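The block underneath contains the structure these notes are about, expressed in structure tokens.
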Amino acid sequence: MATQAPPQTDTLAPNERRERARKEIKQLIENRNTVLGQYYSLIEQIEDMDNPDHTQESLQEFCQELVDYLAIGHFELYRRIEEGNERRDEIIKLAQKIMPVISTTTQVAVAFNDRYDHNTQFDKTLIKQLPAQLTQLGEHLATRIDLEDKLINTLLNSSNSNQANLQAASL
């Protein structure tokens, strides 16, 4: 699933931006859930490595979903912050704290993908390293998810309080 760059959000009305952000968050969470499901399935498969070909196929599918998930986060959710277009102070402050860690988790996930998403047969070294590599990736995904949830909650709460402030001001 290729992710296209969205239209500039600065040209959208506030309600349109909020609706777009909710859709982006929903898509991110759906992709994240897919990645997590495939991750746990892979963990089960490597515990019983009877069929390495099936595991390799599952691993390649997982890697593709992982890259899609990372891309949605980057191109949909983090882009506005990274480009300096975010105006809400609480989100800017949170982003300054969490974006370096999210960047690290991205690097770990991309390195995992580069190592395991290929069409050649696994060699014995890659197979032996897979459990440890999956464990390391899982730890980084857990960190990323925790930070994403903080950002998502701040985005949604900020949008709700801004909307409430606008409604109160119009009374």
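The values are calculated or read from the model by the stated rules, or taken from the named source; none is laboratory data. Since the structure is predicted, the reported quantities are computational estimates derived from the model, not experimental observations. Here the Cβ is made from the backbone with ideal geometry for all residues, glycine too, and neighbour counts use every protein chain on show.
From the set of residues in the range 106-156 that are hydroxyl-bearing (Ser, Thr, Tyr) and surrounded by 14 or more Cβ atoms within 10 Å (Cβ to Cβ), which is nearest to ASN33 (Cα to Cα)?
Going through the range 106-156, the residues hydroxyl-bearing (Ser, Thr, Tyr) turn out to be 106, 116, 120, 125, 135, 143, 154.
Narrowing the set further to residues that are surrounded by 14 or more Cβ atoms within 10 Å (Cβ to Cβ) leaves 106, 116, 143, 154.
Numbers: THR106: 17, TYR116: 21, THR143: 15, THR154: 20 Å.
Result: THR143.
Just checking, does the range 81-93 include any residue being of a type outside the set (Val, Ile, Thr) and either in contact with a Leu (Cβ under 7 Å, 6 or more places away or on another chain) or under 17 Å from ILE29 (Cα atoms) (or both)?
Filtering the range 81-93 for residues of a type outside the set (Val, Ile, Thr) gives 82-90, 93.
Still in the list and also either in contact with a Leu (Cβ under 7 Å, 6 or more places away or on another chain) or under 17 Å from ILE29 (Cα atoms) (or both): none.
Within the range 81-93, none of the residues are of a type outside the set (Val, Ile, Thr) and either in contact with a Leu (Cβ under 7 Å, 6 or more places away or on another chain) or under 17 Å from ILE29 (Cα atoms) (or both).
So which residues in the range 57-90 are out of contact with any Phe, Trp or Tyr (no Cβ under 8 Å at 6 or more places or on another chain) and among the hydrophobic types (A, V, I, L, M, F, W, C)? VAL67, LEU70, ALA71, ILE72, PHE75, LEU77, ILE81, listed by residue number.
Would the range 26-33 turn up any residue that is over 13 Å from the mean Cα position of the chain (by Cα), under 24 Å from THR143 (Cβ atoms) and without any contact (Cβ under 8 Å) to a residue 12 or more places away in the chain? Before the answer, list the steps.
Of all residues in the range 26-33, those over 13 Å from the mean Cα position of the chain (by Cα) come to none.
Looking through the range 26-33, none of the residues is over 13 Å from the mean Cα position of the chain (by Cα), under 24 Å from THR143 (Cβ atoms) and without any contact (Cβ under 8 Å) to a residue 12 or more places away in the chain.
If you check GLU90, GLU16, GLU82 for being closer than 19 Å to LYS150 by Cα, modelled with pLDDT under 90 and of a type outside the set (Ser, Thr, Tyr), only one passes: GLU82.
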